[in-house]
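Report on the following structure.
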Amino acid sequence: MVIYLLLFVLWLEPTFGKAVSTGIKGVSLANMAIALIILGWLLSNAFKRQNFQWNNLYKYIIGLVWVVAMSIPYKALNGEFRHVSMLHEIVAFKGWVEPFILFVLIFNLARSKLIIKRITFGLMTVVILSALVTILVVTKVALIGALQIEHGGYWPVFAEPNQYAAYLVLMFPIFISYTLLGSRLSGRIVSALSCITIMCALIASGSRGGLLSFCVSIFTLFWILKSFKGKARKGILTAGVILIVLVSISLFVLPSRLEQRTSARVAVEEGADLNKYSSGRLDIWKSSFSYFLKEPLFGLGLNGYHDIIEKLTGSPSNSHNNYLQYLADHGIIGFGVFALLILGVLRSGLKALREANDDFGIILFSGFFVGMVGFSIAIFFVVVLHLWSLVMIYSAVTLKYAQLDAEENSAPNPIHESVVSYSYGSGLKGVIGG
């Protein structure tokens, strides 16, 4: 129940643009929910004598936390940041490290497949809620959330279209996977309707990076479906038809002004200025890279590029690229560890998919891996600020389900072997590399 509360608050706060207060000074509802989860974990370890659960991603997380933590005193010694207080740095570090704390907590608390299914349902519910809010706003049925209006577009969730699109790209594939591979017809129908809603929200965002990364994730999904044997392999044709229907219905539902706006943003005219087409990103990327070259080993420090641009221009900004942001803020060392973390998540997701043994596992692992492929492309065009907690919770439940699945199937069982030899698993193991 506390985890459901946390998921809702993690969506609610960036949507409405402010922390949800508990009435206690300096304590938000999100902070209280995290504190309760930590307390629950400590109590479960104390009374149930449960061992700490290790995951291979911890080594990358520990390395990244160490690099970022060490950047704070390093930044304090840099004369460029005398205007930034140590309290500001500590608060910023707390916000940065929270998603990784949540990964460890959720991975250790989700000790059964049933709990993981419930958390996954919570994550999917939040996505549907986000998409519904977007549709209500863009169709002017209601004004909800912290609205940012720019060129006729409305961003009711996360207050920024590219971050929102990255979030949708991450979560969309699990709905497509369930629509194609789910065992219950009613669930597949609900999932298909959810796909239409999410597709509408993605188009409404007008994010070119989001649409590009979505296309990459769909190609990845086709590659995975090609790995299936028998009837499941026909999912390629089904997926193609579903995508055509999704786009068609979405364009029909959305106001024509949004369709025209999105088309205008995506279309590239011959001889167009690429910097202008990318909304000035090329200049921003050059600026970020120039600061990396000044401090190539350790970088400027946590939020260093943001703070120095704010000092120079009076307006806060970031690199509009998560990879360049780590290069500028934490140098080649921080960037290297961050890249290893992303690659580690992708590799773990692919391994889980290759070794999946049940229907839900295949849906979860395929949706997660495809979503993470798209997300890793999407953050090339945006610095994700509000989403990392949701990303790490999603990663934790997926990888924990893979661990539980492997533990259940570690002991050979003749009956079990006959059950798991169906076309889904055997096709994946044969083609993807098992």
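The values are calculated or read from the model by the stated rules, or taken from the named source; none is laboratory data. Since we're looking at a predicted model, the values are computed, not measured. Counting neighbours? That spans all protein chains shown, and the Cβs are built from the backbone with ideal geometry, glycine included.
Taken over the stretch 304-321, the criterion of being buried (at least 24 other Cβ atoms within 10 Å of the Cβ) and within 21 Å of the chain's Cα centre (by Cα) is satisfied by S319 alone.
Considering the stretch 339-361, and only residues there that are in contact (Cβ under 8 Å) with a residue 60 or more places away in the chain and surrounded by 22 or more Cβ atoms within 10 Å (Cβ to Cβ), the residue that is farthest from Q403 (Cα to Cα) turns out to be V345. Applying a threshold of 6 Å to beta carbon distances and a minimum spacing of six or more residues, or different chains, the list of pairs starting in the stretch 106-129 at a residue that is more than 22 Å from A35 (Cα to Cα) and ending at one that is surrounded by fewer than 20 Cβ atoms within 10 Å (Cβ to Cβ) and aliphatic (A, V, I, L, M) reads K113/L404. Pairs meeting the criteria (first residue in the stretch 62-90 and closer than 15 Å to E295 by Cα and surrounded by 11 or more Cβ atoms within 10 Å (Cβ to Cβ), second residue modelled with pLDDT under 85 and hydrophobic (A, V, I, L, M, F, W, C), beta carbons under 6 Å, at least 6 apart or on different chains) are K75/F81; E80/I308.
Within the stretch 399-419, which residues are modelled with pLDDT of 70 or more, in a helix (DSSP H, G or I) and surrounded by 10 or more Cβ atoms within 10 Å (Cβ to Cβ)?
Of everything in the stretch 399-419, those that are modelled with pLDDT of 70 or more, in a helix (DSSP H, G or I) and surrounded by 10 or more Cβ atoms within 10 Å (Cβ to Cβ) turn out to be L399, K400, Y401, A402, Q403, L404, D405, A406, E408.
Mind checking which residues of the stretch 346-388 are polar (S, T, N, Q) and under 29 Å from S319 (Cα atoms)? Passing the criteria: S348, S376. Here the stretch 357-372 is the region considered, the condition is being part of a helix (DSSP H, G or I) and over 14 Å from Y394 (Cα atoms), and the residue that is modelled with the lowest pLDDT is D359.
Residues are listed down the side, and each one gets a yes or a no for (1) of a type outside the set (K, R); (2) surrounded by fewer than 20 Cβ atoms within 10 Å (Cβ to Cβ); (3) modelled with pLDDT of 80 or more; (4) part of a helix (DSSP H, G or I):
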| position | (1), (2), (3), (4) |
| --- | --- |
| G95 | yes, yes, yes, yes |
| R111 | no, yes, yes, no |
| K117 | no, yes, yes, yes |
| S130 | yes, no, yes, yes |
| G145 | yes, no, no, no |
